[in-house]
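S.K.: Sharing a structure with you now.
The values are calculated or read from the model by the stated rules, or taken from the named source; none is laboratory data. Every value quoted in this text rests on a predicted model; they were computed, and no experiment measured them. We place every Cβ from the backbone using ideal geometry, glycine too, and count neighbours over all the protein chains shown. Just so you know, the surface numbers come from the protein's heavy atoms only, side chains and all, with ligands and any DNA or RNA stripped out. Shrake-Rupley method; radii C 1.70, N 1.55, O 1.52, S 1.80 Å.
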Amino acid sequence: MATKILIGIPPKNHINLAMDEVEGLKDLGNECETIIYTRNKPHGGKIDKLLGVISNAFAIIKRLRKMKPDLLYLNSRFEPVGTTRDFITIVLIRLFYWRKLHVAIKTHGSDLSILTKKSFFFDSIVIPYLTHQVSLWFFLSHEEKNNIIHHAPTFGKKAYVTGNIIDSKRSTKSTAFLESHGLNDKRFKFFFAGRMIAEKGIFSIIRAIPKFIHKDECVFIFAGDGEEYDAFKNEIKELQIENHVHLTGFLPEEECDHFYANTDALVFPTYFDEGFPMALFKSVACGLPVITTKTRAAIDHLKEPDNCLWVDGQNSKSVTKALNKLYENPDLREQMAKNNELLGKNFSRQKITEQMNKDFSEFLKH
């Protein structure tokens, strides 16, 4: 008998990832429907946000009454705002929907200060309630799961580890693509994709460039925008490295994805609390050599020098050293590329959703 699953998905960010999970779960015989689940009015005031969450919750309740699923599966984040939204949503569902319903949540990134800082609201109300009401909570790294177990052992019993689906076929090698961005030349192409904030390591990259021995043979491509984009562009000018840097600004995910097949290496020295950074694992699946930091899912899946070179994301000298080493060792790059392409197969739609489905089945039996 097919499991009926109502899946809360984001309206735009990583929509391909969410729909890949939906289609993968359908392929396994489940009956799946989707509904938008997101932080409403992110730039509004607190009252507007609260009303948006309540409105979204009642939209879910309406769909639950119509579909009568076995499982509600929500994509969310484990941090103060996201977890408060989950709490309010599930309280309202339990008040106004009385059929038996299991709830699973997948957290795309987390701020574990929600467990470590003293807060009556979270310590005594939110976390105990969610511990009781949520059957399964997916995290994207063992570091997150282990910290949950350490700080909230009962809640930790609900924690599972999964990955994100990566489809390398969305990235196509193309001379025309490079020409469209003015990049169809023989320079070695280092790539970065992500939000333009210091914690992503972007300043460490550009501060490494002046001392990078081979900078004249290379170009550093940055795809994305964000809060510190203007400061980033100003520092590029101050460092006088404009000829070595190519900025795309914001790109739709479908276009940005093609860079993974059309560049030579990823440089991603993030020190943000990444869960499962898509830029990193899309690069892995496309067989790119990688320079990155020891964060969460990266620690779970990558090894040096098999898959990457580790750096200190806040130390530009560390990044310079890695840039020189990677560029000067084509054999190292070739072996990394082979290893990463093989590793990327672990994040196929079939493998990820089969494991998720197995985890769902465990608690649906009870």
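S.K.: From the set of residues in the stretch 16-29 that are open to solvent by 20 Å² or more (accessible area, probe 1.4 Å) and in contact (Cβ under 8 Å) with a residue 24 or more places away in the chain, which is nearest to E254 (Cα to Cα)?
M.R.: N16
S.K.: Given the criterion more than 19 Å from H108 (Cα to Cα), of a type in the set (A, V, I, L, M) and not in a loop (DSSP other than H, G, I, E, B), identify the matching residue among I352, I291.
M.R.: Sole residue among the options that is more than 19 Å from H108 (Cα to Cα), of a type in the set (A, V, I, L, M) and not in a loop (DSSP other than H, G, I, E, B): I291.
S.K.: Just give me the residues in the stretch 161-186 being of a type in the set (D, E) and outside any loop (DSSP other than H, G, I, E, B), in sequence order.
M.R.: Listed by number, the list holds a single entry, E179.
S.K.: Tell me whether the stretch 182-192 contains one or more residues that are modelled with pLDDT of 95 or more and within 16 Å of the chain's Cα centre (by Cα).
M.R.: yes
S.K.: To continue, here is another question. Is it the case, given these coordinates, that I213 is surrounded by 17 or more Cβ atoms within 10 Å (Cβ to Cβ) and either in contact (Cβ under 8 Å) with a residue 60 or more places away in the chain or of a type outside the set (S, T, Y) (or both)?
M.R.: Judged against the criteria, I213 is not a match.
S.K.: Now a separate question. List pairs: first in the stretch 183-201 and touching a residue at least 12 places away in the same chain (Cβ under 8 Å), second open to solvent by 20 Å² or more (accessible area, probe 1.4 Å) and aromatic (F, W, Y), Cβ under 7 Å, 6+ apart or cross-chain?
M.R.: F188/Y327; M196/Y229; E199/Y271; E199/F272; K200/F272; G201/Y271
S.K.: Go through (1) within 19 Å of the chain's Cα centre (by Cα); (2) surrounded by fewer than 18 Cβ atoms within 10 Å (Cβ to Cβ); (3) under 20 Å from P128 (Cα atoms) for A104 and report which single condition fails.
M.R.: Answer for A104: the failing condition is (2).
S.K.: Also, quick follow-up: Taking the stretch 150-172 only, how many residues are touching a Ser or Thr at 6+ places or on another chain (Cβ under 7 Å) and either over 22 Å from G24 (Cα atoms) or aromatic (F, W, Y) (or both)?
M.R.: 4
S.K.: Can you pull out the residues in the stretch 341-361 that are without any contact (Cβ under 8 Å) to a residue 24 or more places away in the chain and either farther than 20 Å from N307 by Cα or in contact with a His (Cβ under 6 Å, 6 or more places away or on another chain) (or both)?
M.R.: Across the stretch 341-361, the qualifying residues are K351, K358.
S.K.: From the set of residues in the stretch 149-180 that are under 30 Å from T248 (Cβ atoms) and open to solvent by less than 30 Å² (accessible area, probe 1.4 Å), which is nearest to the chain's Cα centre (by Cα)?
M.R.: N164
S.K.: Here is a follow-up. Would you check if D111 is open to solvent by less than 20 Å² (accessible area, probe 1.4 Å), among the charged types (D, E, K, R), within 17 Å of A159 (Cβ to Cβ) and in contact (Cβ under 8 Å) with a residue 40 or more places away in the chain?
M.R.: no
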